[in-house]
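The values are calculated or read from the model by the stated rules, or taken from the named source; none is laboratory data. Not measured: the values here are computed from a predicted model. Cβ coordinates were reconstructed from backbone atoms using ideal geometry, including for glycine residues, and neighbour counts include every protein chain displayed.
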Amino acid sequence: MKEDLIKELIENTKGKSLTENLKYVSRKFGDSVVFSSSFGMEDQVVTDAIAKNNLSIKIFTLDTGRNFEETNYVHNMTNIKYGIKIVTYHPDTKDIEELINTKGPYSFYESVENRKECCFLRKVKPLQRALKGYSCWITGIRMEQSPDRSNIQQFEWDETHQLIKFHPLFFWNMAQLEEYIQSNNIPLNELHKKGYPSIGCAPCTKAIKPGEDIRAGRWWWETGVKECGLHLHKKEKVTS
């Protein structure tokens, strides 16, 4: 049945605008649709469309405890501009205390396994709480952000969380993103102007050099596919 639902969603949103698609998904799933924001460029565009159209889509964010101050600032400015309160989920205090007391505050630099453990405790576990009870999860993922993400599609089934994932900006390019941001005077993380196209935790993110991959600054000491675990799951591709 989920295959039929995904086909229906793809068909009914094909060729439509961002606002039209968000309105459609809001009507389709009602109070069971939620959007996760990390206050990057893509997420700010989706938040703008949700807030300006007074859509009943809950917006939440994950505060890992290692955010840049610039990220906290744009969080606050976004709340003020749109008159909203973005719901914040934090890691479990006991998890973080045990991690730091056992391995220290920078264990993630020591191995991929340690880094994934930190991401799991600070991001994945809070995400599980944030998504509980929802049927549709909206994200800011775009196809061109990384080669691995080109293997998914605008709507997909998330086997881990047992829900539909919707990426409304999936086919947008950077030029479209920048034009929308400028035209709508959207609050933007200042780090984007300093060479940070993708922004995560402060110790794990740095500016990239001209010509580098858009995610080269994330977990910059590692090689290979670099994801935190939020969007790694079994996917069921359904062609339209």
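Quick one: would you say residue 90 is touching a Phe, Trp or Tyr at 6+ places or on another chain (Cβ under 6 Å) and either under 30 Å from residue 203 (Cα atoms) or touching a residue at least 40 places away in the same chain (Cβ under 8 Å) (or both)?
no
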From the list 13, 64, pick out the single residue that is surrounded by 14 or more Cβ atoms within 10 Å (Cβ to Cβ) and under 21 Å from residue 125 (Cβ atoms).
64
Within region 183-228, how many residues turn out to be part of a helix (DSSP H, G or I) and either on the phi > 0 side of the Ramachandran plot or small (Gly, Ala, Ser) (or both)?
2
Just to be sure I understand, how many residues within region 177-218 are surrounded by 18 or more Cβ atoms within 10 Å (Cβ to Cβ) and not aliphatic (A, V, I, L, M)?
14
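Quick grid of which residues meet (1) among the β-branched types (Val, Ile, Thr); (2) modelled with pLDDT under 95; (3) in a loop (DSSP other than H, G, I, E, B):
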{"residue": "121", "(1), (2), (3)": "no, no, no"}
{"residue": "127", "(1), (2), (3)": "no, no, no"}
{"residue": "130", "(1), (2), (3)": "no, no, no"}
{"residue": "137", "(1), (2), (3)": "no, no, no"}
{"residue": "148", "(1), (2), (3)": "no, yes, no"}
{"residue": "153", "(1), (2), (3)": "no, yes, yes"}
{"residue": "164", "(1), (2), (3)": "yes, no, no"}
Please work out which one of (1) under 21 Å from residue 163 (Cα atoms); (2) crowded, with 18+ Cβ neighbours inside 10 Å; (3) of a type in the set (A, V, I, L, M, F, W, C); (4) out of contact with any Gly (no Cβ under 9 Å at 6 or more places or on another chain) is the condition residue 46 fails and give its number.
(4)
For region 101-138, the count of residues that are closer than 17 Å to residue 66 by Cβ and of a type in the set (Phe, Trp, Tyr) equals 4
For residue 79: the one exception among (1) modelled with pLDDT of 95 or more; (2) surrounded by 17 or more Cβ atoms within 10 Å (Cβ to Cβ); (3) within 30 Å of residue 20 (Cβ to Cβ); (4) not small (Gly, Ala, Ser):
(2)
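Could you say whether any residue in region 110-121 is within 18 Å of residue 36 (Cβ to Cβ), surrounded by fewer than 12 Cβ atoms within 10 Å (Cβ to Cβ) and without any contact (Cβ under 8 Å) to a residue 60 or more places away in the chain?
The answer is no; no qualifying residue exists.
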Applying the selection to region 57-74, what residues are polar (S, T, N, Q) and out of contact with any Ser or Thr (no Cβ under 6 Å at 6 or more places or on another chain)?
64, 67, 71, 72
Report, by residue number, each residue of region 84-104 that is surrounded by 12 or more Cβ atoms within 10 Å (Cβ to Cβ) and hydroxyl-bearing (Ser, Thr, Tyr).
88, 89
Pairs please, first residue from region 59-73 and farther than 20 Å from residue 84 by Cα and of a type in the set (Lys, Arg), second anywhere and buried (at least 17 other Cβ atoms within 10 Å of the Cβ) and at pLDDT 95 or above, Cβ atoms under 8 Å, 6+ apart in sequence or on different chains.
66/122; 66/201; 66/204
Within region 162-176, of all residues that are touching a helix residue (DSSP H, G or I) at 6+ places or on another chain (Cβ under 8 Å) and surrounded by fewer than 18 Cβ atoms within 10 Å (Cβ to Cβ), the one farthest from residue 22 (Cα to Cα) is 174
